[in-house]
Amino acid sequence: MLSSSLPLLLGSQSPRRRDILESLRIPFSVLPADVPEHALSGEGPDAYVERIVADKLAAVARRSAAEGRRFRAILVADTIVVLGSRILGKPNDIADAERLLTDLCGRTHRVTTRYAIAAAAPFETASVARSVNTEVTLRAASPSEIRRYAASGEGLDKAGAYAAQGLGSFLVERVHGSYTNVVGLPASELVADLTQLGLLGEYP
């Protein structure tokens with residue numbers, strides 16, 4: 001089972017994912033994955049996120065072995081925003097954030113978080129990998145509203161250039177599916193998989 005001495009090793013620098021694990025009272029430590037997050041030519045959203053998560057898992061497994069880290073299991077994840085067949089990544093700057101938000105406002109898009117858990121050696125191989133999809137509708141917003149929100153800087157480190165859990169919630173008209181999935185980690189599915197793997201014992 002997971003414990004303070006043998007925690008879940010989170011391969012992510014995302015403060016949102018850390019907040020979700022803390023709220024679930026799951027013991028974890030952080031060892032970020034350092035992999036390029038760029039789609040290959042002709043690569044679709046689902047293939048992209050599957051490849052990135054597999055690459056992250058392998059990277060964290062190698063780094064944890066090299067550093068001699070003690071842990072019980074590894075968790076890695078990646079969240080993408082998909083509009084039609086386009087992957088909308090993190091904006092390059094405020095102008096790019098404004099462009100992305102203009103594309104999203106008044107429309108429904110998909111947020112996909114894929115995660116992988118490796119619960120046994122070799123930790124490069126996932127014990128469980130799952131993709132969770134949520135549909136999010138952003139309301140139609142005026143150009144000045146979009147400009148001011150982009151200028152706030154809140155969305156500069158987030159796929160799609162908005163934060164559903166922050167100031168950006170004023171744009172979120174409807175969420176169909178897991179809300180925590182939009183934030184960065186689907187809590188319900190994650191707990192179910194950790195329990196199935198025998199990592200949580202009697203929970204909560």
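Computed from the coordinates by the stated procedures, all read-outs in this text should not be read as laboratory data. Not measured: the values here are computed from a predicted model. Here Cβ is always computed from backbone atoms with ideal geometry, including for glycine, and neighbour counts include all displayed protein chains.
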Query - Cβ-based net charge around ARG62, under 13 Å, with every Lys or Arg adding one and every Asp or Glu removing one - result: -1
Query raised in the report: Where is the GNM fluctuation largest for the chain (alpha-carbon springs, 10 angstrom cutoff): THR113, THR134, THR79?
Result: THR134
Report task. Let me have the relative contact order for the chain, percent, based on Cα pairs under 8 Å that are six or more residues apart. Result -> 21
Query raised in the report: So how do 150-157, 187-194 stack up, highest first, on mean other-Cβ count within 10 Å?
Result: 187-194, 150-157
Report summary line: Per the charge dipole of the chain (beta-carbon charges, Lys/Arg positive, Asp/Glu negative, Cα centre), the residue among VAL172, PRO186, SER144 reaching farthest to the positive end is PRO186
Report summary line: LYS90 and GLU135 label points (each 7 Å along its Cα→Cβ direction) are spaced in nm at 2.9
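Between ASP55 and LEU167, what is 0.36 nm times their sequence separation minus the Cα-Cα distance? Round to one decimal in nm. Mind showing how you got there, number by number?
Numbers: separation 112, 0.36 × 112 = 40.32 nm, distance 3.21 nm.
My answer for the length gained is 37.1 nm.
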Query - Size of electric dipole in segment 8-196: Cβ of Lys, Arg +1 and of Asp, Glu -1, about Cα centre, debye, nearest 20 - result: 320
**Report entry** Whole-Å distance, taken between Cα centres, linking segment 1-63 and segment 65-140
**Finding:** 10
Query raised in the report: Add -39500 (n - 2.57) for each DSSP H run of 4 or more in the chain, then divide by its residues: what number comes out at 222 nm, to the nearest 500 deg cm²/dmol?
Result: -10000 deg cm²/dmol
Query - segment 82-137 - charge dipole about Cα centre, Lys and Arg +1 at Cβ, Asp and Glu -1, debye rounded to 20 - result: 200
